[in-house]
Amino acid sequence: MKFKPNQTRTYDREGFKKRAACLCFRSEQEDEVLLVSSSWYPDQWIVPGGGMEPEEPGGAAVREVHEEAGVKGKLGRLLRIFENRDRKHRTYVYVLTVTEILEDWEDSVNIGRKREWFKVEDAIKVLQCHKPVHAEYLEKLKLGCSPTNGNSTISSLPDSNALFVTAAAQPPGVLSSVR
């Protein structure tokens, strides 16, 4: 697992951790998606993403895929904000069309993270075993948020601009508010 010593995380007014992720596609046809190995379980695949620092969700999503997957690309639409009540986080999931693949990247060097392209159907099957919430991202994409119809579903969040911020170096449970 990776640890960033001076990392700051943001929380919404309801105490949900704010996260950002990207479904990284090889092309605008959105038929092949890039998954990365988990930092906790290297034999399992996940969608690249992570906690938001005090920044815009799109910027956080781009930063996370650069760190975790070693790719750069064209940030597309916000697919949806997914809520995970069990883990108490809300994830802004974007679509990204990959334009550059780095040979070495932060997580490959630091923790040995791997990446692999999957057909969307295969990725859903792989993710359903260990990360059903990540599989849901791709299922929602297939159910009407595709580029051909221009739809985008965004959950409404009460006062989504309100943030609670905590630094990783602080003891657990210590929050400081930022408005």
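The values are calculated or read from the model by the stated rules, or taken from the named source; none is laboratory data. Predicted model only: the values in this text are computed from it and were never measured. Heads up, the Cβs are rebuilt from the backbone with ideal geometry, glycines too, and the neighbour counts pull from every protein chain shown. When the accessible area is computed, the model is the full protein with side chains, heavy atoms only, and any ligands, DNA or RNA have been set aside. Shrake-Rupley method; radii C 1.70, N 1.55, O 1.52, S 1.80 Å.
Which condition number in (1) more than 16 Å from Cys24 (Cβ to Cβ); (2) of a type in the set (Gly, Ala, Ser); (3) without any contact (Cβ under 8 Å) to a residue 60 or more places away in the chain is the one that Gly112 fails?
(3)
From the set of residues in region 97-137 that are small (Gly, Ala, Ser) and over 19 Å from Val62 (Cβ atoms), which is surrounded by the most Cβ atoms within 10 Å (Cβ to Cβ)? Quick ask: steps written out before the conclusion?
Within region 97-137, the first condition is being small (Gly, Ala, Ser), and the residues that meet it are 108, 112, 123, 135.
Filter once more, keeping what is over 19 Å from Val62 (Cβ atoms): 112, 123, 135.
Values: Gly112: 10, Ala123: 23, Ala135: 18.
Filtering region 97-137 for residues that are small (Gly, Ala, Ser) and over 19 Å from Val62 (Cβ atoms), the one surrounded by the most Cβ atoms within 10 Å (Cβ to Cβ) comes out as Ala123.
Name the strands (runs of 3 or more DSSP E) wholly within region 84-179 that hold at least 3 residues that are modelled with pLDDT under 85?
On the way: elements: 89-101, 115-119, 163-167, 176-178.
Passing ranges, in order: 163-167, 176-178.
Looking at Leu35, Leu75, can you tell me which residue is open to solvent by 30 Å² or more (accessible area, probe 1.4 Å) and either part of a strand (DSSP E or B) or modelled with pLDDT under 95 (or both)?
Working: Leu35 fails: open to solvent by 30 Å² or more (accessible area, probe 1.4 Å).
Among Leu35, Leu75, only Leu75 is open to solvent by 30 Å² or more (accessible area, probe 1.4 Å) and either part of a strand (DSSP E or B) or modelled with pLDDT under 95 (or both).
For residues that are farther than 16 Å from Trp105 by Cα and surrounded by fewer than 20 Cβ atoms within 10 Å (Cβ to Cβ), tally how many sit in region 38-50.
Adding up the residues that qualify gives 5.
Of everything in region 43-66, what is over 13 Å from Val95 (Cα atoms) and either at pLDDT below 95 or not in a helix (DSSP H, G or I) (or both)? Give them in sequence order.
Of everything in region 43-66, those that are over 13 Å from Val95 (Cα atoms) and either at pLDDT below 95 or not in a helix (DSSP H, G or I) (or both) turn out to be Asp43, Gln44, Trp45, Ile46, Gly50, Gly51, Met52, Glu53, Pro54, Glu55, Glu56.
Among (1) in contact with a Phe, Trp or Tyr (Cβ under 9 Å, 6 or more places away or on another chain); (2) closer than 20 Å to Glu139 by Cα; (3) crowded, with 18+ Cβ neighbours inside 10 Å, where does Tyr94 come up short?
For Tyr94, the failing item is (1).
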